[in-house]
Structures are given as structure tokens and as C-alpha cells.
Protein chains: 2
Amino acid sequence: MKLAGAAADRDRWEARDCSIDGALKIVGTRSAMLLMREAHYGTTRFEDFVRRVGITEAVAAARLRELVTAGLLARRAYKNPGERTRHEYVLTEAGGELQLVLMAFIQWGDRHLPRRGGPPLDFRHTGCEEPIAVRLSCAAGHDVEPGAITVRGTWGRPTPATEKATGKAAGKATAEAAADVTADVTAAVAAEGAGKDVSPAG
Amino acid sequence: MKLAGAAADRDRWEARDCSIDGALKIVGTRSAMLLMREAHYGTTRFEDFVRRVGITEAVAAARLRELVTAGLLARRAYKNPGERTRHEYVLTEAGGELQLVLMAFIQWGDRHLPRRGGPPLDFRHTGCEEPIAVRLSCAAGHDVEPGAITVRGTWGRPTPATEKATGKAAGKATAEAAADVTADVTAAVAAEGAGKDVSPAG
DNA sequence: CTGCTGGCCATGGAATCCCATAGCCAGCAG
DNA sequence: CTGCTGGCTATGGGATTCCATGGCCAGCAG
């Protein structure tokens, strides 16, 4: 990666609003990540989560509640005929998109974790049956080699992307930052409060 | 995802050798993941890691040592003229390939974390300057939609992939598994006893 | 009414992770 | 020789994360 533009001097900005850090606050624990793994494998019931992940009910209950609050899972009532009403945990859109993170982990682990006998699971494209890989590509369709990434801060002078990315919500901050690029990062990038408003989807 | 083949019945196998779990043992803490982030942003010196990640020296020292042991970073001596010998931490190949995990986290966080003003960083393909995305694709070049993944266990009858994946390192296991598919999962994937009948799921 | 099951909460204790503070050591500057 | 700086190590305490055990509750079976 190459830092450029407003991000060029790494000591001038703090990565406080970093998406990695934010994501880790939600799925940063082993139990949370493995629960999401199980959800992607199709598990929906409390007891199945507990058994398949190998955690205690207390931890499962706490973690599932957090994941529902964070909008990665939705808790839904359902009822099989002749049975009592139960609850199931289903992936929301946000939870479903965690698939790329899970697949990236799996791909990395399959390649770099010392293990006897190759990867335990085989992931293939349904239908064409070719093996699946996580890749980096740009909007022009090019494969992106690991070193060919340029990172820019969006708080400085607007780039083609920040024009529309920040235009709607941070016009003021953009103007400020454009005027003085030095002492800005914590004001424009970092922050603390959080609005949470999540809608369960598909 | 669709579970198929030997993996079809989720209650018949344990995900103990799971790559996600294995990866989390190495980069599962906030400090480790953020240190890897900084390494990808080009940081190499101890003090810079401490300051830029915002952790204490004690934690940085411990985590860096673990990451070196795990093979994600390499500790190298170097000497600028007129200065004492110092050590730098540089990415190994395994560490470099964690980029997909980091980018997947960033992409997910940029889309789903509530935030005002859009993502703080902008990642573009060096040269062509188009925005970068993490994607799933198969060896035939197709984009893989989230639902179009078929997951199979490699411990059962060999798939086209396990032929060569396990062929070099676990030829014996493959032979055993092919001969008798029953007491397999615990031996190949998990580790604990639970020999039950397995119907050749498909 | 009692028993059973699935889903969940409460408690106590252990382990892990982190911070803050306070050193230690090597080597260059003075 | 002393001071200073970068790169650590040590100690003590707090927060988080987890496990094990046990209890609570809803609702269906008997």
C-alpha cells in the first residue's frame, strides 16, 4: 500500500474511526466471529449455535444479543405446527456481507496455517463447481496486486470519490479541512458518538 | 452457502480445525489486528507501532513477538549511518496476504458502520485510480454471488480438489476415507470420538 | 398437575487482554 | 562519564471474555 494525499504522512492522522477497529468492536471476539460463521453455514437455532460453536449458553446468549443489536442478525419468532413458538437468528444484509471477511480468513488460514492434510472444507461456485477465491479488483476490472493500492485520506481536498461520499453529510468538515490540512484528523475523522439504526433485511 | 457432500449434515462434523478459528488465534486480538494494519500502512519501527496503534509498549512488544513467531512479521536488524543498530518489523508473505482480510474488514465497515461523512480512507488501484473492492470469484472467472457457494468436506470421498490438495500430504488419509467414510470426521477434521453411521449424503 | 425441553439469565472463578508506571540496557552525543 | 533515546521488560490493577454450574420460564405431553 502507498499512502498518498492527505494520508501521506502517517503521523498526521489517527486511525480512530478506522473501519477495522469498528468492525472488531462487533465481531472482534472469537465467539462472535464463530457465531457468524455458523450463521453462514445455515444455523439459526440457539441450541445449535451453542453446540456447533462450542461455547456456553451464557456466552451464546450474550453474543447473539449483541449481534442482533448491531444489526448482523435478526431475531424472528417462528412456530412449527404442534410445537411451541421459537426464535431463530437469521442473517441480515449486513451479516450476510460479512461473508467476504469470513472467506478471507478461511483463504488465509488454508494457505498459511500449518496443518496436516490440506484445508478441511472446500468452497466451490454452485453450478460451475470451480474453486472460489477472494480477490481484490478495481472498478475498471483489473486484478489488484497487493502492492498496487494507493490510500488517500478523505478529509483533505476532495478526491473524485469524496466529492459524493462526503458531499451529503460533511460539507462543513470538508471545507474546514480544505482550508487547513494540518490539525484536522481528530476532528474530521475521529469522533465518538454513534447513531444506531439498523434494519433487518433479506 | 450450501452445505453438501460430507459436510451436508452440520451435526456430523466439528469445525475444530477451522481456518477462521486458527487465524483468530493469531490475529484475534484488537492489538494484533491493528498492528498488522499499521504494518500494511508501512510502519516498521517499534515506537511508531506503539504511537500509531495507540497501545502500550508492553502490549506492542508482546504482540509483535507473537506475530513474528507466527510468521506474519519478520524482525530484522538495520543500521543507519551514525545511529545505533535498530530492529524493524517487516511483513512476510503470510503477513502480506492478510491484506485481503484487512480490506474485507474495511469494506464491510465502510458500508455498515454508522458514521457521519463517509469512509475516512479511500483505496484506489495505483495507476488507474479506480476504487478497489474485495470480491469473490471462481476459477472460471465468474463473480460469485453470496448464496452461490457450495461447501464440501474434504474428509469424505475425494472431490476434484482434494485429489491434489491432499494427494501429496495425506495420501493415506484419502485412501482410508475412500474405503470407509464412517469414522472419518473426527480423524481428519475434528479430533474427538463420535463414530456414528454416516449416510453418503449428497 | 407434573415432567420435559428449548431458550435464556445469574453467579463465581479463571484466563486473557489491556493500561499505567517504572524500570533496564545499548550505544551515540556531549 | 553522563545524558538521552529507542526498544524493550516488569509489576500491579482493571476490564473483558470465557467456562461451569445451576436456576427460571414457557408451553406441550402425559
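The values are calculated or read from the model by the stated rules, or taken from the named source; none is laboratory data. This structure is a prediction, so every number in the text was calculated from the model and none was measured. Every residue, glycine as well, gets a Cβ built from its backbone with ideal geometry; the counts of neighbours run over all protein chains shown. Side chains are part of the model used for accessible areas, which takes the heavy atoms of the whole protein and leaves out ligands, DNA and RNA. Shrake-Rupley method; radii C 1.70, N 1.55, O 1.52, S 1.80 Å.
So which of B:R86, B:R51 is farther than 28 Å from A:E97 by Cα, open to solvent by 50 Å² or more (accessible area, probe 1.4 Å) and in contact with a strand residue (DSSP E or B) (Cβ under 7 Å, 6 or more places away or on another chain)?
B:R86
Just give me the residues in the range A:35-58 being among the hydrophobic types (A, V, I, L, M, F, W, C) and within 21 Å of the chain's Cα centre (by Cα), in sequence order.
A:L35, A:M36, A:A39, A:F49, A:V53
All but one of (1) touching a residue at least 60 places away in the same chain (Cβ under 8 Å); (2) open to solvent by 40 Å² or more (accessible area, probe 1.4 Å); (3) within 19 Å of the chain's Cα centre (by Cα) hold for B:L91; state the number of the condition that does not hold.
Every condition holds for B:L91 apart from (1).
Keeping to the range A:51-70, report how many residues are within 12 Å of DNA strand C (Cβ to nearest atom), under 26 Å from B:A32 (Cα atoms) and within 11 Å of chain B (Cβ to nearest Cβ).
0
Which condition number in (1) assigned to a helix (DSSP H, G or I); (2) more than 12 Å from DNA strand C (Cβ to nearest atom); (3) closer than 27 Å to A:V134 by Cα; (4) charged (D, E, K, R) is the one that B:D48 fails?
Single failed check for B:D48: (3).
Name, by its number, the condition in (1) near DNA strand D (Cβ under 9 Å from one of its atoms); (2) buried (at least 20 other Cβ atoms within 10 Å of the Cβ) that does not hold for B:A32.
Going through the list (1) near DNA strand D (Cβ under 9 Å from one of its atoms); (2) buried (at least 20 other Cβ atoms within 10 Å of the Cβ), B:A32 breaks only (1).
Please find, within the range B:95-133, the residue that is surrounded by the fewest Cβ atoms within 10 Å (Cβ to Cβ) out of those that are part of a strand (DSSP E or B) and touching a residue at least 24 places away in the same chain (Cβ under 8 Å).
The selected residue is B:A133.
Give me the residue from the range A:99-133 that is more than 18 Å from the chain's Cα centre (by Cα) and of a type in the set (A, V, I, L, M) and, out of that set, modelled with the highest pLDDT.
Among residues in the range A:99-133 that are more than 18 Å from the chain's Cα centre (by Cα) and of a type in the set (A, V, I, L, M), the one modelled with the highest pLDDT is A:I132.
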